[in-house]
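The values are calculated or read from the model by the stated rules, or taken from the named source; none is laboratory data. Since this is a predicted model, take the numbers as computed values, not measurements. Ideal geometry is used to build each Cβ from the backbone, glycine not excepted, and the neighbour counts take in all protein chains shown.
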Amino acid sequence: MELVEMFDLVRSHPILATVTMFAGTALASELLWKAIQYARRHTRRRRVHEVLFFNELGEVCLDHHRGKSFTNTNDCRNSHCSLRSLEKIAVLMDEAQYSIDIAIYTFTSNTLWLALKRALQRGVSIRVISDREMVYCNSSKIQEMAAFGVPVRGPFKTNLIMHHKFCVIDGLARVQEILQVKQRKWPRPYESVLISGSVNWTNTGFGANYENCTISSDEILTRQYQEEFNRMWKFFADTAEKFLKSCVEKSE
Ligand SMILES: [Zn+2]
């Protein structure tokens, strides 16, 4: 039977036409549902919810790692391994697609700076808010970041200390802002992640202190931290040049 004849038969037969119409609608909605699921799966990366604790057990495995590549702590049996915890944070930075907004009191960790450098090379937008005194502490990475073109702001006009230790990776509002500037409608798959806790990004913080660091993809938390970062970023708007000038002077 020719295809045209089949259509004529279906059209001329009311029951057959109704059944075909229902089957067609069911198939279309099934396809639509599959398409929505596919889109959801492919616009989100993995979700994370975890707390990292740094304590006296963090470095008992240090000999095991000595001399090995840093990016291979998976075989460590120490569940408190400081190196592995630090590596987890670096991996999250490696997964950043659009933005990393950092509010940090002290930053001297070379591992995290290397991860941030890789992010910069991928075109990820990084912004830093730091304390006006701690920026210039020994081995501060903030000056290196400024030299790399990362905008740095901080509390020059208040006596308050910028004591935060948080970072928002691919915060929704920030990603939308970047997409708008780039005139892109559809984002690559990304996941908003908050990293926040007591730990400063220093060797002491990650190895020699009792500290905590919460990692979360929670929508409410990531949104609230991103909002506070954006608010501070605006409030410190006129400090960017001062920071850059002082950083350049100090590094000379
Ligand atoms: Zn270990």
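With the requirement that a residue be of a type in the set (G, A, S) and in contact with a Leu (Cβ under 7 Å, 6 or more places away or on another chain), what does the stretch 205-232 give you? Before the answer, list the steps.
As a first pass, look at the stretch 205-232 and keep what is of a type in the set (G, A, S): 205, 207-208, 216-217.
Scanning the stretch 205-232 gives a single hit, S216.
Every residue in the stretch 70-113 that is among the acidic types (D, E), surrounded by 18 or more Cβ atoms within 10 Å (Cβ to Cβ) and within 16 Å of the ligand (Cβ to nearest atom), please.
Answer for the stretch 70-113, where residues must be among the acidic types (D, E), surrounded by 18 or more Cβ atoms within 10 Å (Cβ to Cβ) and within 16 Å of the ligand (Cβ to nearest atom): just E87.
Of the residues A103, A96, which single one is closer than 20 Å to N212 by Cα, assigned by TED's automatic domain parsing to the domain that holds G58 and of a type in the set (G, A, S)?
None of the other options fit; the residue is A103.
Considering every residue within the stretch 131-146, establish whether at least one is among the charged types (D, E, K, R) and over 20 Å from F235 (Cα atoms).
yes
Please enumerate the residues belonging to the stretch 227-252 that are closer than 16 Å to V135 by Cα, at pLDDT below 85 and of a type outside the set (V, I, T). Step through it out loud before you land on a result.
First, the residues of the stretch 227-252 that are closer than 16 Å to V135 by Cα: 236, 239-252.
Narrowing the set further to residues that are at pLDDT below 85 leaves 239-252.
A240, E241, K242, F243, L244, K245, S246, C247, E249, K250, S251, E252 - these are the residues of the stretch 227-252 that are closer than 16 Å to V135 by Cα, at pLDDT below 85 and of a type outside the set (V, I, T).
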